[in-house]
Ligand SMILES: [Fe+2]
């Protein structure tokens with residue numbers, strides 16, 4: 001713990017996550033403070049920083065937690081290669097029908113990059129333009145999800161692996177669905193992906209692994225992109241994966257972050273799931289995200305197929 005910032009729970013009843021206030025960005029070079037922030041991140045999984053502004057602080061804060069991925073620049077505004085743009089525009093953005101409601105850039109529960117072999121360590125999101133309502137980011141703690149999993153399921157999933165397949169159409173999601181979703185409008189780059197889904201190899205990740213720093217078990221299932229259990233692609237395996245995914249999305253504590261300008265939210269992508277509630281179709285939502293590099297070393301492509309990481313759109 002450090003006395004250079006204040007730490008509070010995100011909610012009194014929430015066993016993961018922390019809200020950090022009073023952090024002076026000028027102190028981000030201090031080794032003790034950097035260590036304290038990293039320890040807190042590993043302990044809590046999600047850190048909400050309040051009252052921090054600007055691109056330089058966004059980048060400096062992100063570098064406390066690791067090396068940043070260089071993104072190809074998609075838009076002039078996100079000129080910095082370490083910043084990725086996450087933006088819904090009313091005239092052209094990704095539009096999804098969610099239980100009969102139109103939402104801009106709604107995303108189901110997932111881990112970033114679970115559809116490739118190397119999963120990034122985490123990221124920090126920062127809002128630039130916020131809609132007047134909705135637009136929240138949700139988080140579920142997979143350590144908590146394992147802890148609350150019934151013992152009979154813990155025994156059944158021991159040693160099993162989950163197969164993932166890249167497909168951005170949430171209507172195709174097989175496990176842990178929370179809504180009936182269908183794509184109404186997609187961007188040309190998403191359309192290009194969807195037209196050649198066979199180009200993307202299936203990958204395999206363990207269903208449970210231990211957090212390296214603490215030994216705590218993580219229920220390592222991303223409901224979006226999961227297509228089955230390795231060696232059990234049958235009714236029994238599908239029923240088991242459905243039960244585990246339903247436990248994660250229906251029986252876990254959910255933290256839904258209500259964004260305000262000046263927030264920066266860091267998550268541990270190896271340990272928490274996230275989702276996006278989407279925004280009203282006629283309003284803009286514009287976020288910038290850093291991506292912290294890493295590889296937990298447990299993912300692999302099926303049949304050791306080659307993978308071209310530059311070919312994916314990250315969600
Ligand atoms: Fe994501």
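Values quoted throughout were computed directly from the atomic coordinates according to the rules given, and no laboratory measurement underlies them. Just so it is clear, the structure is predicted and the values come from calculations on it, not from any experiment. Positions of Cβ are generated from backbone atoms using ideal geometry, with glycine treated the same way; all protein chains shown enter the neighbour counts.
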Problem - Gain in span if fully extended, residue 172 to residue 85, counting 0.36 nm per residue against the direct Cα distance - result: 28.8 nm
Exercise for the section: Return the calculated 222 nm mean residue ellipticity for the chain, to the nearest 500 deg cm²/dmol, obtained by summing -39500 (n - 2.57) across DSSP H runs with n ≥ 4 and dividing by the residue count. Expected result: -5500 deg cm²/dmol
Exercise for the section: Given the peptides 16-26, 206-216, 149-159, arrange them by the average over their residues of other C-beta atoms within 10 Å, most packed first. Expected result: 16-26, 206-216, 149-159
Exercise for the section: Quantify how much of the Cα-Cα distance distribution of the chain extends past 37 Å, in percent. Expected result: 12 percent
Practice task
For a quick protection proxy, order the peptides 229-242, 130-143, 48-61 by their average other-Cβ count within 10 Å, most packed first.
Solution key: 130-143, 48-61, 229-242
Exercise for the section: Give the order of 111, 252, 187 when sorted by the count of other beta carbons within 10 angstrom, beginning with the fewest. Expected result: 187, 252, 111
Practice task
Run the quick spin-label model on residue 254 and residue 30: label points 7 Å from Cα toward the beta carbon, then report their separation in nm to one decimal.
Solution key: 3.8 nm
Exercise for the section: Work out the FRET efficiency for residue 190 and residue 50 from their Cβ-Cβ distance, taking R0 = 51 Å, and round it to the nearest 0.05. Expected result: 0.95
Fill in the blank from the handout: Per the rule of 0.36 nm per residue minus the C-alpha distance, extending residue 67 to residue 212 adds in nm 50.4 nm
